Structure formats: C-alpha cells, structure tokens
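The values are calculated or read from the model by the stated rules, or taken from the named source; none is laboratory data. Just so we're clear, the structure is a prediction, and the values are computed from it rather than from any experiment. Cβ: placed from backbone, ideal geometry, glycine included. Neighbour counts: every protein chain shown.
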Amino acid sequence: MNHDAFYIDWVETQARMQPNKTAFIEYHSRRKFTWLKFHERVSQLAAALNQRGIERGDRVAYLGLNSTDTIEILCATQRIGAVYVPLNFRLTPDELSYIIGDAEPKLLICDHAFAPVALAVQEQLPWLATITTQCDGTASGYESLFSDKRLNQTVGLDGDTYAMIMYSSGTTGRPKGVIYTHRMMQAGALNIQQTSHIDAHSTFY
C-alpha cells in the first residue's frame, strides 16, 4: 500500500472497505462488477502488462468507446506506474499515427469497432503492438490477458508521478501531449465528487 497522500488506489481502497458493493454496471453489455471483482481484474491486468514488459513510465494507449475496459486499463496502468494515453476515436489514421508516434506506447488496446483504423495505423507504425477488445467481456485478445496471476505489490508512486497523457486538438498546430499527475487526477476526482454528489452508496453506469 502506498502512503503518499496524493496517490490513492481508490479501487483497492473500495475493495477493502466494501468488497461486495456494486461498483459498475456497464450500460451496453449489462456487466456488473463489485468492487472486489473489479479490483481483482485490475490486479490481473496489471500483472499481464508487467509480463509484457510494461513498467513504470511506459505508455499504454486506448482507442475506442467508453466501457468498463477503459477504467480497467486506466487503473491497471496506474497501479504499475505506467501512463495511460486515451486516443480520440474520431481522428483519422494519419492523425492517430502522429500522436502514437509521439507518445510511443508499448501497447495499443483497441475497441474491435476501430480495428480497421488500428490496422491502418500499424501500416505506418509497424513497431506498434496491438490487442483488440470486444468491450463486453466476450473472447478477445484483451480478455485473454486475464488469468489467476495478480499483481501483489505496486511500485512506489507519489502525487507527482505521471498518470495520464491526453493530446490536445491541435487547432493551432500539431497536437501536444498534456500531462496529468496523480495529484491532478485526485484533485479532479474531488471536484467531480463535490459537484455530482457522489458518495459511498453511488454506483457508476
């Protein structure tokens, strides 16, 4: 467990405090996750990313629509000190190739609906490793990452550790990577909690 006040593994915390409480209900697939189940999946995914050589400071990109997979990837990358890079699914392969070439992710996880786009990007960036997900829990390269192996110990993180890089729209030039630290992520979460009245009884859809 990390004791820095500006790094909080909120999935692990909730799994410890209320393991059987429903955490997420995915709208399109109707999948339901308790905090404990979600914590286990995040731990399994973190271990799988580690096995693929992804370590602290490495980037993991995601291209696709929102799903619980999106949150798993975000939380698993943060748990090993890697950096989550969400990509705008509205961009063209050329635009995505520039961003991916700049971020240099060790892995791109792609919603199956955008597999043709990812393939076009790979033609420009042949070094890019890609895994596809169905975003509903059915068989896919993404789901094959999950096994009984779990990440037992997180790396030492603090509030200034990079958590995410989001790219700007590039309206006045090339898109630029905007860095979010764990401190910034926590501040954003607190602002959302206060304005949205989220509490211990809330479930995310």
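Report yes if Val42 is of a type outside the set (Gly, Ala, Ser), surrounded by 22 or more Cβ atoms within 10 Å (Cβ to Cβ) and within 24 Å of Gly177 (Cα to Cα), otherwise no.
no
Tally time: how many residues in the stretch 87-139 are among the charged types (D, E, K, R) and in contact with a Pro (Cβ under 7 Å, 6 or more places away or on another chain)?
Of the residues in the stretch 87-139, 0 are among the charged types (D, E, K, R) and in contact with a Pro (Cβ under 7 Å, 6 or more places away or on another chain).
Run down Ala129, Ala113 and say which single residue is surrounded by fewer than 19 Cβ atoms within 10 Å (Cβ to Cβ), over 23 Å from Asn50 (Cβ atoms) and hydrophobic (A, V, I, L, M, F, W, C).
Ala113
For the condition farther than 26 Å from Tyr167 by Cβ and at pLDDT 95 or above, what is the one hit in Arg59, Arg41?
None of the others qualify; the one that does is Arg41.
When the stretch 20-44 is examined, which residues are found to be of a type in the set (A, V, I, L, M) and farther than 15 Å from Asp9 by Cα?
Result: Ile25, single match.
Any residue in the stretch 130-156 that is β-branched (Val, Ile, Thr) sitting within a Cβ distance under 7 Å of a residue that is at pLDDT below 95? List the pairs, counting only those 6 or more apart or interchain.
From residues that are β-branched (Val, Ile, Thr), the pairs are Thr154/Asn2; Thr154/Asp9; Thr154/Arg79; Val155/Arg56; Val155/Ile80; Val155/Gly81.
Of all residues in the stretch 118-168, how many are hydroxyl-bearing (Ser, Thr, Tyr) and assigned to a helix (DSSP H, G or I)?
Counting residues in the stretch 118-168 that are hydroxyl-bearing (Ser, Thr, Tyr) and assigned to a helix (DSSP H, G or I) gives 1.
Within the stretch 20-35, track down each residue that is under 17 Å from Cys75 (Cα atoms), without any contact (Cβ under 8 Å) to a residue 40 or more places away in the chain and either among the β-branched types (Val, Ile, Thr) or not in a strand (DSSP E or B) (or both).
Matches in the stretch 20-35: Thr34, Trp35.
Considering each of Thr34, Thr13 in turn, give the residue that is surrounded by fewer than 16 Cβ atoms within 10 Å (Cβ to Cβ), hydroxyl-bearing (Ser, Thr, Tyr) and over 13 Å from the mean Cα position of the chain (by Cα).
Thr13
For the stretch 84-110, which positions are farther than 12 Å from Leu49 by Cα and of a type in the set (Val, Ile, Thr)?
Selection gives Val85, Thr92, Ile99, Ile100.
Taking the residues in the stretch 79-105 that are small (Gly, Ala, Ser) and closer than 16 Å to Leu45 by Cα as candidates, determine which candidate is farthest from the chain's Cα centre (by Cα).
By that ranking, first place goes to Gly81.
Restricting attention to the stretch 56-78, and to residues there that are free of Cβ contacts under 8 Å to residues at least 60 places away in the same chain and acidic (Asp, Glu), which single residue is farthest from Arg41 (Cα to Cα)?
Among those residues, the one meeting the criterion is Asp58.
Might you check whether a residue that is under 13 Å from the mean Cα position of the chain (by Cα), crowded, with 17+ Cβ neighbours inside 10 Å and part of a helix (DSSP H, G or I) occurs anywhere in the stretch 49-65?
Yes, the stretch 49-65 contains at least one residue that is under 13 Å from the mean Cα position of the chain (by Cα), crowded, with 17+ Cβ neighbours inside 10 Å and part of a helix (DSSP H, G or I).
If you check Leu96 against the conditions, is it closer than 23 Å to Leu125 by Cα, part of a loop (DSSP other than H, G, I, E, B) and out of contact with any Ser or Thr (no Cβ under 9 Å at 6 or more places or on another chain)?
no
What number of residues in the stretch 134-166 are surrounded by 14 or more Cβ atoms within 10 Å (Cβ to Cβ), at pLDDT 85 or above and closer than 23 Å to Thr68 by Cβ?
The number of residues fulfilling the criteria is 14.
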